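Notes for the one structure printed next.
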Amino acid sequence: MKISYQEVSKHNTREDCYVILYNKVYDMSEFIPHHPGGPQIIVKYAGKDATAVFDPVHAPGTIEKHLPKEKFIGELDLDTVPQEVRDAANAAQKEEEDRRKNIPPLSGCLNLFDLELVGSRVLSNMAWAYYSSAADDMATYNENRDVFRRIWFRPRILRNVKNIDLSTRILGHHTTLPIYITATALGRLGHPDGEMNLTKAAAREGITQMVPTLASCSAEEIAGARDENGAPTQFFQLYVNSDRRVAEEMIHNAEKLGFKGIFVTVDAPQLGRRERDMRTHFEDSGSDVQKKSGEDVQRDEGAARAISSFIDPSLDWNDIVWMKSVTRLPIILKGVQCWEDAVMAAEFGLAGVVLSNHGGRQLDFARSSVEILAETVDALKERGLFPRPGFEIFVDGGFRRGTDVLKAIAMGATAVGIGRPFLYAYSAYGPDGVVHALRLLRAEMEMNMRLIGAPTLKDLVPEMVDLKALHHRGSGAPTSDDTTVFNPKGSKI
Ligand SMILES: Cc1cc2nc3c(=O)[nH]c(=O)nc-3n(C[C@H](O)[C@H](O)[C@H](O)COP(=O)(O)O)c2cc1C
């Protein structure tokens, strides 16, 4: 049956709510209280077309999965769509096309910062704000880069560096680089294939991928995007739901889908205040499939707040004991920020820690991961806990250059996680952009391994880095310019 636009417009209340998605009309009235992202967003689009805000953050098949068949009312009669509605849709599409016009060829991007600049041009304001934002005054975000200027090399000479081998193992799994793609939520804000871009690139380059709880593709889709050899190795990042049954289900689903480890995020009992993100008034919250039915979410506080209210702030070490009892997969804590907690993780028999401040998006004035790495390695060594098979240290936050990675490896990290640059890369260029970013990093690392005198990662030893200035942070005081300097788009601030 064909439904006219005017007919849809009449069903424009919470109690009587029709919504258009992909030119199909659905009755959402009964579903509203069950929408994982809260009722407000559906009510906002009652009687209207919600496709543009729905599409980037919902996996294909979401409607069929969550809405009973009888709620499909009929096809929209396209001849009845008013001209002003068409004009608005065309204008939005043209704006998107304009942003993508004249992007430089991939070969023109010489480093990860170039990819960020292209990403800032290509992404919508909302997507850019969500991907690039960081907490408060962004002191930690900036420190994540600054810290590398305080670590210098002590190269060795006359070592045979003809052949360089950058391969290693992460939790026992081979990787061609000591780099993994870390978990970043809402992948489809930047590209219709979302996180699957990362899967394809990781497989091509032989590295591993951490898949986020809040991905905008489903975990099944992301696992399904592995190549015919089952590459890449994938880990699952877990935000622990207040309802432990949901958390357990997710762990078991991760096992079923062949993920090789559970990275439990422990630095986000509440999501940080990311003002750039908040300013864009996030429109939708589709990837959060865990929210308790009927709860309202704060729609005016940006994407991060809109999708994260299910995360349990009461999580503690007892839950980690419980988690160990429900899975045989290795458990790694993501977001450890001091040596004391890293030591506890090792003593609890966990498989490792990710020293991380969430890319500066959580606690502002949290220290950089490499600063924590130095004290963590010392503390673990003192206790005979490191190096030790079965416990690995990972780091992330601000790694953009091959030399950044080499510094962390020399200091004792197994591998380094990278987030935003890969989002920017695929938003502009799809999987090729991510492959390019990885090849740039690989080339930088190969060259610098030669210059440092380390043919393999094992030859990169602590004596090759000078850490004397490591703790000499600048004033750390943010300036009022920080946010504008960091925001190449500029327009929203
Ligand atoms: C857009 C975005 C979304 C993120 N989403 C998650 C998430 O869902 N879960 C999580 O544990 N970490 C998340 N992170 C943090 C990353 O896993 C990682 O700690 C951080 O991005 C590393 O910093 P970098 O972006 O400077 O490389 C996110 C980071 C960004 C930038």
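Some values worked out for this structure:
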read-out: Computed lengthening from N111 to D319, 0.36 nm per intervening residue step minus Cα-Cα distance; value: 70.8 nm
read-out: When region 144-231 is reduced to its Cα atoms, the Kirkwood hydrodynamic radius in Å; value: 15.4 Å
read-out: V461-K48 FRET efficiency (beta carbon distance; Förster radius 56 Å; 0.05 resolution); value: 0.35
read-out: FRET efficiency, Q83 to H34 (Cβ-Cβ, R0 41 Å, nearest 0.05); value: 0.70
read-out: Charge-dipole axis of region 119-486 as Lys and Arg at +1 and Asp and Glu at -1 on Cβ define it, positive-most pick from A379, A219, G258; value: A379
read-out: Rh (Kirkwood; distinct C-alpha pairs) - region 2-97, Å; value: 13.7 Å
read-out: Excluding exposed DSSP-loop GluC sites (Glu not before Pro) (at most 16 other C-beta within 10 Å), longest clean stretch of the chain; value: 296-493
read-out: Antiparallel bridge percentage (DSSP; both residues within the chain; nearest 5); value: 35 percent
read-out: Extension gain (nm, one decimal) between T327 and L385, 0.36 nm per residue minus Cα-Cα; value: 18.5 nm
read-out: DSSP loop trypsin sites (Lys or Arg not before Pro) with at most 16 other Cβ within 10 Å excluded, longest remaining stretch of the chain; value: 163-291
read-out: FRET efficiency, E248 to E340 (Cβ-Cβ, R0 45 Å, nearest 0.05); value: 0.95
read-out: Accessible surface, 1.4 Å probe, highest first, among residues S4, S427, S107; value: S107, S4, S427
read-out: Added length on full extension, which subtracts the Cα-Cα distance from 0.36 nm per residue, N12 to A469; value: 158.3 nm
read-out: Which of S132, V370, H436, positive extreme of dipole for region 119-486 (C-beta unit charges); value: H436
read-out: Spin-label pair H173/K71, simplified geometry with 7 Å Cα→Cβ offset, distance in nm; value: 3.4 nm
read-out: Å² per residue, accessible surface of region 119-486 at 1.4 Å; value: 38 Å²
read-out: Test item: Cα-centred dipole of the chain, Lys/Arg +1 and Asp/Glu -1 on Cβ, debye; value: 1580 debye
read-out: Once the Cα gyration tensor of region 48-116 is diagonalised, semi-axes √(5λ) in Å; value: 35, 20, 8
read-out: Region 306-382: C-alpha gyration tensor shape, a/c 1.5 cut-off, then a/b vs b/c; value: oblate
read-out: Probe 1.4 Å, protein heavy atoms only - accessible area per residue of region 2-97 in square angstrom; value: 56 Å²
read-out: Accessible surface of M250 - all protein chains present, 1.4 Å probe, nearest 10 Å²; value: 40 Å²
read-out: Alpha-carbon centroid distance for the pair region 155-205 / region 367-413, whole angstrom; value: 17 Å
read-out: Charge dipole of region 2-97 about the Cα centre (unit charges at C-beta), most positive-ward option of P36, P60, V19; value: P36
read-out: Kirkwood-type radius of the chain, with distances r between different C-alpha atoms, in Å; value: 23.6 Å
read-out: Computed over region 119-486: relative contact order in percent, which uses C-alpha pairs under 8 Å that are six or more apart; value: 27 percent
read-out: Dipole magnitude of region 383-458, debye to nearest 20 (Cβ charges: Lys/Arg +1, Asp/Glu -1, about Cα centre); value: 220 debye
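The values are calculated or read from the model by the stated rules, or taken from the named source; none is laboratory data. Everything quoted here is computed from the prediction, not taken from an experiment. Positions of Cβ are backbone-derived with ideal geometry, glycine not excepted, and every protein chain shown enters the neighbour counts. Note: areas computed on protein heavy atoms with side chains; ligands, DNA, RNA excluded. Shrake-Rupley method; radii C 1.70, N 1.55, O 1.52, S 1.80 Å.
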